[in-house]
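Report on the structure given below.
Derivation of every value follows stated rules applied to the coordinates shown; laboratory data play no part. It should be emphasised that the depicted structure is a prediction, and the values quoted were computed from it without experimental measurement. Please note: Cβ atoms are built from the backbone with ideal geometry, for glycine as well, and neighbour counts cover all protein chains shown.
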Amino acid sequence: MSGLTPIVVWGSKGQAKVLAEFFDASGFRAAAFFDNDPDAVSPIDGVPIHIGAPGFERWLRAADRSTVSFVVAVGGDRGRERLEIYELLAGAGLAPATLVHPTAFVARDALLGTGSQILVRACVCTRAVLGRACIVNTAATVDHECELGDGVHIGPGATLAGCVRVGEAAFIGAGAVVLPRIRIGADAVVGAGAVVTRDVESGWVVTGVPAVRTARAARSGA
Ligand SMILES: CC(C)(COP(=O)(O)OP(=O)(O)OC[C@H]1O[C@@H](n2cnc3c(N)ncnc32)[C@H](O)[C@@H]1OP(=O)(O)O)[C@@H](O)C(=O)NCCC(=O)NCCS
């Protein structure tokens, strides 16, 4: 046996492929993928993929769930969905895995919520606190004393300066910059490349430099 812990992954697209690249370096081996898309393909040859809740329930009946970890590989602005699936899998008795790429920096006194995913060359700096099922994507920076709620996604190359607070399930797009002490509300979306100089209300979508609210409809919950 490999000595690696079996992990199941909900999702099979980009985020799942990115995570699969460093499962072994994190002490895991993929045991199964799940996806709601009936045309989904397993990202790893030889590892089965099961479709939707019925596929998951069939897999679960045959599994020794006490030995299996899970991760929810659902990215983009789908933080609420990531949290719902997290609750489903944790409620089924599986253990949430927290995955940190070997090239990422996580300060010794930072706190990562269970199920969080810290990707290649990302930085989570001193006294940062992350909720459950957060994603800090490739080369993103979460600087000192930032607080991220559950299900937050910081996109590739985005920068949160110090003491920023981000509400549940908010999504910060690729390359965006959020200035110190700004508050971003729950379910908000910050567009790629934006520079956020003022607080953002829950559910707002903001873009540009400086970032302003866009005409796009507010997201649910706003
Ligand atoms: C801001 C965002 C959420 C808007 O999405 P959307 O509502 O589907 O917007 P659309 O693509 O329909 O574009 C609507 C308008 O906004 C503009 N726009 C879109 N994204 C923009 C951005 N980041 N900055 C400035 N303008 C933007 C478009 O050019 C378009 O302008 P037009 O009406 O003059 O043609 C999205 O474009 C974005 O930036 N998402 C982040 C993606 C990302 O970083 N992904 C990382 C993957 S891990």
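Once phi is turned into θ = phi - 60°, what whole-Hz ³J(HN,Hα) does the Karplus curve with 6.51, -1.76 and 1.60 give for every residue of region 49-60, x standing for Gly and Pro?
Couplings: 10, 10, 9, x, 4, x, x, 5, 5, 4, 4, 4 Hz.
Say a paramagnetic label sat at a point 7 Å from the Cα of ASP37, along Cα to Cβ; which residues of region 84-124 have their backbone N under 18 Å from it?
Under 18 Å, as judged by backbone N against the label point of ASP37, lie 85 of region 84-124.
Mean residue ellipticity at 222 nm from the helices of the chain, using -39,500 (n - 2.57) per DSSP H segment of n ≥ 4 over the full residue count, to the nearest 500 deg cm²/dmol?
-4000 deg cm²/dmol
Nearest-5 percent of antiparallel DSSP beta bridges in region 99-210?
So the antiparallel bridges amount to about 0 percent of the total.
Quick one: which residues, 5 or more positions from ALA95 or on another chain, have an amide H under 5 Å from its amide H? H modelled 1.01 Å from N in the peptide plane, none for Pro or chain starts.
VAL68, SER69, PHE70
From the phi angles alone, apply the Karplus equation (6.51, -1.76, 1.60; θ = phi - 60°) to region 198-204 and give each ³J(HN,Hα) in whole Hz, x where the residue is Gly or Pro.
Whole-Hz 3J(HN,Hα) from phi for region 198-204: 9, 4, 10, 5, 3, x, 6.
Say the dipole of region 99-210 comes from +1 at the beta carbon of Lys and Arg and -1 at that of Asp and Glu; which of THR114, ILE184, THR126 then lies farthest toward its positive end?
THR126
About the Cα centre, and with charges only on the beta carbon of Lys, Arg (+1) and Asp, Glu (-1), how big is the dipole of the chain? Nearest 20 debye, please.
320 debye
If the chain between LEU111 and ARG127 were fully stretched, how many nm would it gain, using 0.36 nm times the residue separation less the Cα-Cα distance?
The span from LEU111 to ARG127 would gain 5.0 nm if fully extended.
Among the DSSP beta bridges whose two residues both lie in the chain, what percent are antiparallel, rounded to the nearest 5?
Of all bridge pairs located within the chain, approximately 5 percent are antiparallel.
For region 1-86, which GluC sites (Glu not before Pro) pass both filters: DSSP loop (anything but H, G, I, E, B) and at most 14 other C-beta atoms within 10 Å?
In loop regions of region 1-86 (DSSP not H, G, I, E or B), the sparsely surrounded GluC sites (Glu not before Pro) are GLU21.
Just to confirm a number: summing +1 for Lys and Arg and -1 for Asp and Glu over residues other than ILE49 whose beta-carbon lies under 12 angstrom from that of ILE49, what do you get?
Once positives and negatives cancel, what remains is -3.
Which whole number of Å³ per residue matches the convex hull of the alpha-carbon atoms in the chain?
Dividing the Cα hull volume of the chain by its residue count gives 114 Å³.
Under the Kirkwood approximation applied to all pairs of distinct alpha-carbon atoms, what is the hydrodynamic radius of region 30-104 in Å?
Hydrodynamic radius (Kirkwood, Cα pairs) of region 30-104 is 13.4 Å.
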